[in-house]
Amino acid sequence: MPENSTEDFKSFLIELQKQFLCCYPLHCIEWQNFPKNLTWDQQKQLMDFTCNSPLNQQLPIKVAYQLNFLKKLITFLEQNTTEVHDEVYESYCQVQQKVAQDSTQKYAFKHYILSPEVHFTLRESKSFVAEGTTGLCSWQASLALADFMLHHPDLIRNKSLLELGAGTGLCGFILYKMCDTQQVILSDGSPQCVDLMCESVRRNFPSAIANSEEPGKYLWNEKILQCSVIPWDGINDIPEVTRLKPDILLAADVVYDDSCFEDLSFAIDFVFQLKQNQVKMFLAATVRNEHTLNGFLRKLDSLNFMVTEEPIVPLEESFLYWDRSTPVKVLRITR
């Protein structure tokens, strides 16, 4: 990147801000491509786009992430500039002072910026497993699925959607807001996840009208969004699913544990039967163990489902930043 290019530096800052605010893993950030010999003003701008950005000041991301980001940044600047801005060191000291207090906090915010006009702010668990569930933080498969659907909006235009195991609800929120869907139900078996989703609806859709008679149901831009506790093995007892008869079924990062395959396949089979198989499912899976994923695919095959692997959106075309160090597959499931 030309060191004197104002336009290129602004583009760099915009992308770095997206990465920082969603806590994009530090090992995924291309530090080797950072512009060198940053001026005093450019270093100030860099801080204004990251640690000192209004979103982070108001609803801060994980303190540990901020501290490690600043460590990497200071190392880079000390090696590649003549003088490091005071504000960088001051920010490091300020963040360091927050570590002890932050260690008692179970949640922190993440901000997912999709465009200058659209971002989503979610309060997420700082631990991968919390309150007996893995669903209180967003996983890379949900980001990969949202990215895929944003690149193929025709697949869900004017369609009703049901997401199984929605966790934080991020994927569903993105599609509900940015794609021309009909009614959307975001479901999870964990009441804590559903409570967190409802909190996120209030934060990200402030004009949404809550249904006083049906908790978790909202109306926004003349479209219904519902956050519901739906256990997979009891989905046939959930009246809103039977009423909706969803056109599209979504799920992300739900096939990591083979003990849930029976219940998950039961839920999928039930939804397909509601519309005489006139349903498409899109499932994103982080391939941590090929054997486990293949076990689930065999289960689907036994129920006469057909599975097609879809192409993953390449990094340079993505709307979202997510960890690609472990492969993710997006599967289209039909019958």
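Largest GNM mean-square fluctuation across Gln94, Gln32, Gln79, computed for the chain with C-alpha springs under 10 Å, falls on Gln32.
For the chain, the solvent-accessible area with a 1.4 angstrom probe is 47 square angstrom per residue. What relative contact order, as a whole-number percentage, does the range 140-208 give when Cα pairs under 8 Å and 6 or more residues apart are counted? The value is 31 percent.
With Cα atoms defining each centre, the range 208-229 and the range 280-334 are spaced 30 Å apart in the structure.
For the chain, the longest principal axis of the Cα atoms and the long axis of helix 86-102 meet at an angle of about 50 degrees. Seen from Pro327, the other residues with C-beta closer than 10 Å to its C-beta sum to a net charge of +2, counting Lys and Arg as +1 and Asp and Glu as -1.
Expressed as a rounded percentage, what relative contact order does the chain have, with Cα pairs under 8 Å and six or more residues apart? Relative contact order, the chain: 14 percent. Once the Cα atoms are used to define both axes, helix 63-80 deviates from the longest principal axis of the chain by about 40 degrees. When the chain is treated as a GNM, springs tying every alpha-carbon pair under 10 Å, which of Glu309, Glu213, Glu78 comes out with the largest mean-square fluctuation? Ranking Glu309, Glu213, Glu78 by mean-square fluctuation puts Glu213 first. Rounded to the nearest 500, the helix-only mean residue ellipticity at 222 nm of the chain stands at -12500 deg cm²/dmol, with each DSSP H run of n ≥ 4 adding -39,500 (n - 2.57).
The convex hull defined by the C-alpha atoms of the range 136-264 has an orientation-averaged projected area of 7.6 nm².
Taking a ≥ b ≥ c as the square roots of the Cα gyration tensor eigenvalues, the range 193-294 comes out prolate, since a/c reaches at least 1.5 and a/b is larger than b/c. About the centre of its Cα atoms, the range 74-124 shows a dipole size close to 440 debye [charges on the beta carbon of Lys, Arg (+1) and Asp, Glu (-1) only; nearest 20 debye]. Taking the protein heavy atoms of the range 4-110 in the context of the full set of protein chains, the accessible area attributed to carbon and sulfur is 48 percent at 1.4 Å.
For the chain, set up a Gaussian network in which alpha carbons nearer than 10 Å are linked by springs, and say which option among Ala208, Ala252, Ala141 fluctuates the most. Largest GNM mean-square fluctuation: Ala208. For the range 260-324, a simple Cβ point-charge model (Lys and Arg +1, Asp and Glu -1, everything else neutral) yields a dipole of about 200 debye relative to the Cα centre. Against the longest principal axis of the chain, how steep is helix 290-302, in degrees 0 to 90 to the nearest 10, with axes from Cα atoms? It is inclined by approximately 30 degrees.
Where Lys and Arg each count +1 and Asp and Glu each count -1, what net charge lies around Trp40 among other residues with Cβ under 10 Å from its Cβ? Spelling it out: positives minus negatives among the neighbours equals -3. Computed over all pairs of different Cα atoms, the Kirkwood value for the hydrodynamic radius of the range 26-150 is 16.3 Å. In the set [x] 18.8, 56; [y] 21.3, 68; [z] 31.4, 120, the label that goes with Rg and Dmax of the Cα atoms in Å computed for this structure is [y].
Pairs from the table (Lys18/Lys71; Lys44/Lys126; Lys106/Lys217; Lys72/Lys98) lying more than 21 angstrom apart at Cα are Lys44/Lys126; Lys106/Lys217.
The listed residues Ile14, Ile29 rank as Ile14, Ile29 when sorted by accessible area, largest first, using a 1.4 Å probe. For the range 212-335, the carbon plus sulfur part of the accessible surface works out to 48%, probe radius 1.4 Å.
The values are calculated or read from the model by the stated rules, or taken from the named source; none is laboratory data. It should be emphasised that the depicted structure is a prediction, and the values quoted were computed from it without experimental measurement. Neighbour counts run over all protein chains shown; Cβ positions are idealised from the backbone, glycine included. Please note that ligands, DNA and RNA were not included when accessible areas were found on the heavy atoms of the full protein model with its side chains. Shrake-Rupley method; radii C 1.70, N 1.55, O 1.52, S 1.80 Å.
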